Amino acid sequence: MEQKLKGKVAVITGGARGLGRGYALRLSALGADVAIIDRNLSSGDVYEFEAKLRTAESVAVECQQLNVRAIEIQADLTSRESTFTAIEEVLAELGRIDIAVCNAGGGTAQFADEITQADGADAVADLNTRGTPASCDEDVLQRVITTNLNSCMYTCMAVSPHMIKQSSGKIVTVSSTAGLEAGSGYHPYGVAKAAIIHYTRSLAQELGPHNINVNCIAPGIIRTGRLGDRQHLSKYIALRREGTIEDCARVVEFLVTDLSDYVTGKTITIDGGQCNQR
Ligand SMILES: NC(=O)c1ccc[n+]([C@@H]2O[C@H](COP(=O)([O-])OP(=O)(O)OC[C@H]3O[C@@H](n4cnc5c(N)ncnc54)[C@H](O)[C@@H]3O)[C@@H](O)[C@H]2O)c1
């Protein structure tokens, strides 16, 4: 693969598994040094699907095998302070930040790796967010909004001053088709992901004069360990298949390389034509 990103440093949040891991590997293959920030650097261990994909003991080592520098930092990005500390650590270790992929998040009220014995045998992992626009438990509301929206905004706020100083940068935020459509059972997640689209547009206006591009991706049904096999939904997708991590990574490549230099404030839907069918 052409080393288009040689000399660049990319931060990937939520990079310990799933789509984030895919972005980290893609950008490493393009020559970027990579910093993975995740709430749980071993989060991939809970899924057989993720464990089978991994070729080394951690995603950072997988990236290093592609001949780039790669570090990993464990931090909960729902904390503004922890986010800024993590970004300072990236700068101290890798010297600069050119790319930020704000991928940490998910439409779950409780991740599988958070379940402990104390939760009891009935605990449900990766529970889809509950609630409706008219009625939503406070804990679910806070959890899902902060995990998705706040983590994204804090990451952008933490990297922006450095990108402004160097007069260049590429930021990719992560929404979802749930942020484009009003699905009844998916309310708090959809609200958070819709807000990310608006935040992206606003941030692009602010950072554009500094030569910083800010764009968003909105994946649809993509096969990851957490979300499992959803091939049965293929009939609702124009391209008649669920999406792959690589489908998303290719769009991220577009958004962090010079191919998209004159694109900013936009959201690219990656859903195989799913939305258009409804
Ligand atoms: N897979 C899909 O079909 C799909 C569709 C639309 C959008 N998305 C979005 O793409 C992103 C990745 O999805 P995925 O399926 O790979 O999810 P995933 O759960 O497999 O990976 C998410 C990673 O983010 C980390 N994370 C979660 N909260 C965090 C926090 N507060 N601080 C730091 N790290 C945190 C997790 O530990 C995990 O490693 C999410 O934002 C999700 O909402 C996914």
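Just so you know, all these numbers are worked out from the coordinates, no wet-lab data involved. Given the structure is predicted, the values throughout are model-derived calculations rather than measurements. In this analysis, Cβ positions are derived from the backbone assuming ideal geometry, glycine residues included, and neighbour counts consider all displayed protein chains.
Numerical summary
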| quantity | calculated |
| --- | --- |
| Per-pair calculated FRET efficiency, R0 = 30 Å: E93 and R54 via Cβ, rounded to 0.05 | 0.85 |
| D_trans [Stokes-Einstein, Kirkwood Rh over alpha-carbon pairs] for the stretch 172-278, 20 °C, 1.002 mPa s, µm² s⁻¹ | 148 µm²/s |
| Choice from A29, A238, A16 with maximal GNM fluctuation in the chain (Cα, 10 Å cutoff) | A238 |
| Amide H contacts under 5 Å for T269, placed H, 5+ residues apart | A218 |
| Rounded to whole Hz, the Karplus (6.51, -1.76, 1.60) HN-Hα couplings of the stretch 174-181, x for glycine and proline | 10, 9, 6, 4, 5, x, 9, 10 |
| Selection of chymotrypsin sites (Phe, Trp or Tyr not before Pro), the stretch 200-271, meeting DSSP coil and at most 12 other Cβ within 10 Å | Y262 |
| Global form of the chain, assessed from the alpha-carbon gyration tensor, a/c cut-off 1.5 | rounded |
| As computed over the stretch 183-222, the Cα convex hull volume per residue (Å³) | 60 Å³ |
| Cleavage-rule hits, GluC sites (Glu not before Pro), the stretch 1-100, DSSP coil, Cβ neighbours within 10 Å at most 11 | E2, E57 |
